[in-house]
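Just so you know, all these numbers are worked out from the coordinates, no wet-lab data involved. Computed from a prediction, not measured in an experiment: that's the story for all the values here. In this analysis, Cβ positions are derived from the backbone assuming ideal geometry, glycine residues included, and neighbour counts consider all displayed protein chains.
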Amino acid sequence: MEVKHSKSFKNLPNYSIEWGYGTWSKDWKKKDFAIRNRYNKDDGGFNLRGSAEIPWRDFNRLITESITENQFSNKELKAIIKLAIKQLIKNIFKK
């Protein structure tokens, strides 16, 4: 993955989330945006099976279909809505 942004978590030292371009689109003129969980191993590498890249459009489909298929709890849905509204307001008034 050609990483463009990543986020680490203090309470999860061997875990991060990465956003960037998927390895499958390396030689394409227009690269495919992707997301992945990254689980670092103690030897410095990372767990390939646990750190799979997902195309951004598939990631979005996973979320929307999980909502439609009632896979999130009400507590999870409330958290998603709250964060989405906060970010939408930030984006609108960011100018």
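Quick one: what are the phi-derived ³J(HN,Hα) couplings along region 48-61, Karplus 6.51/-1.76/1.60 with θ = phi - 60°, whole Hz, x for glycine and proline?
With the stated coefficients, region 48-61 comes to 5, 5, x, 10, 5, 7, 10, x, 4, 5, 5, 4, 4, 5 Hz.
Tell me, what is the FRET efficiency for I81 and D43 to the nearest 0.05, using R0 = 30 angstrom and their Cβ-Cβ distance as r?
Step by step, r from the Cβ atoms, then E = 0.15.
By how many degrees, between 0 and 90 and to the nearest 10, does the Cα long axis of helix 74-92 differ from the longest principal axis of the chain?
The angle comes out at about 90 degrees.
Ratio to report: Rg/Rh of the chain, with Cα atoms as the point set and Rh obtained by the Kirkwood method; give two decimals.
When Rh is taken as the Kirkwood radius, the ratio is 1.02.
Please give the net charge around A34, taking every other residue with its beta carbon less than 14 angstrom from that of A34, where Lys and Arg add +1 and Asp and Glu add -1.
+3
Taking 30 Å as R0, compute the FRET efficiency from the Cβ-Cβ separation of L88 and W19 and round it to 0.05.
Here the calculated transfer efficiency is 0.95.
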